[in-house]
1. D184: touching a Lys or Arg at 6+ places or on another chain (Cβ under 9 Å) and within 30 Å of W205 (Cα to Cα), yes or no?
2. Is it the case that E57 is more than 15 Å from D101 (Cα to Cα), in contact (Cβ under 8 Å) with a residue 40 or more places away in the chain and open to solvent by 50 Å² or more (accessible area, probe 1.4 Å)?
3. Looking at segment 147-163, which of its residues are modelled with pLDDT of 90 or more and open to solvent by 40 Å² or more (accessible area, probe 1.4 Å)?
4. Taking L144, is it over 24 Å from L30 (Cβ atoms), touching a residue at least 60 places away in the same chain (Cβ under 8 Å) and open to solvent by less than 40 Å² (accessible area, probe 1.4 Å)?
5. Condition check: of a type in the set (D, E, K, R) and in a loop (DSSP other than H, G, I, E, B). Does R153 satisfy that?
6. Could you tell me whether any residue of segment 111-124 is of a type outside the set (A, V, I, L, M, F, W, C), within 19 Å of S40 (Cβ to Cβ) and open to solvent by less than 20 Å² (accessible area, probe 1.4 Å)?
7. Hey, among P107, P103, which residue is farther than 20 Å from L160 by Cβ and open to solvent by 50 Å² or more (accessible area, probe 1.4 Å)?
Amino acid sequence: MAKAPKPGKVKTRLTESLPSAAVTALYRCLLEDTVALATSLTSVEVAVMCPEADQEELAQLIGNKVKVVAQKDEGLAAGLYSVFQHFTAGGQRQVIAFNSDSPHLAPSVLDSAFEILATHDVVVGPTHDGGYYLVGAKAVHPTLFESDGMGTRSALDRLLTRTKKLELSTGFTEPFYDIDVANDLILLARELRLAPAKAPRTAGWFGEWQQEVAQLG
């Protein structure tokens, strides 16, 4: 799930700490590294789901690496629903949705998510801040993402409340962090300093904006 890397439209909470140009460039690097991560998996079909207005720009950015699909309606909940609607159109399939800011995920975490989904209706990857970095299912559940809490600290609790209401068995991958605020960026900088090959474009961004990033800590 992604947006076009436009100033003021992506990673807006980071603009409190970094120049807008830096945040936009960061998002582009995160997106490209995340696409590389997804396409590194074997026997997996990959597509980028995005707002309709961003489809053409993202298609030009990503090229022919993966298909870029316009979501139905606006917002994160609509985007998630569109992911499962798109991939299960031909029947039941194992589908994992995650955001474009997760290049630091180990491929084994995604493999684990598919393994968990084989024996559960839903799989969730919780974040340390009360949200989730991935969610998977084998069918479309129209009310699964109905909420005003998407992207908040109550997002995970709200999702699990709905899985219980729908009587869906739920499994979990290991807790992790995604990139929302300055502290997340500090963690990612430390991680990529030790293993830059994990997300090479993003590691290069840290080198370009190292002075600004140093001021975050």
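The values are calculated or read from the model by the stated rules, or taken from the named source; none is laboratory data. For clarity, every value in this text was computed on a predicted model and none was experimentally measured. Please note: Cβ atoms are built from the backbone with ideal geometry, for glycine as well, and neighbour counts cover all protein chains shown. Keep in mind that these areas ignore ligands, DNA and RNA; they rest on the heavy atoms of the full protein, side chains included. Shrake-Rupley method; radii C 1.70, N 1.55, O 1.52, S 1.80 Å.
1. Criteria not met by D184.
2. yes
3. D157, R158, T161 - these are the residues of segment 147-163 that are modelled with pLDDT of 90 or more and open to solvent by 40 Å² or more (accessible area, probe 1.4 Å).
4. When the stated conditions are applied, L144 passes them.
5. Answer is yes for this residue.
6. Looking for residues that are of a type outside the set (A, V, I, L, M, F, W, C), within 19 Å of S40 (Cβ to Cβ) and open to solvent by less than 20 Å² (accessible area, probe 1.4 Å), one finds none in segment 111-124, hence no.
7. The unique qualifying residue is P107.
Matching residues to (1) at pLDDT 95 or above; (2) closer than 27 Å to D111 by Cβ; (3) in a loop (DSSP other than H, G, I, E, B); (4) polar (S, T, N, Q):
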{"site": "L168", "(1), (2), (3), (4)": "yes, yes, yes, no"}
{"site": "G171", "(1), (2), (3), (4)": "yes, yes, no, no"}
{"site": "I179", "(1), (2), (3), (4)": "no, yes, yes, no"}
{"site": "A189", "(1), (2), (3), (4)": "yes, yes, no, no"}
{"site": "L192", "(1), (2), (3), (4)": "yes, yes, no, no"}
{"site": "Q211", "(1), (2), (3), (4)": "no, no, no, yes"}
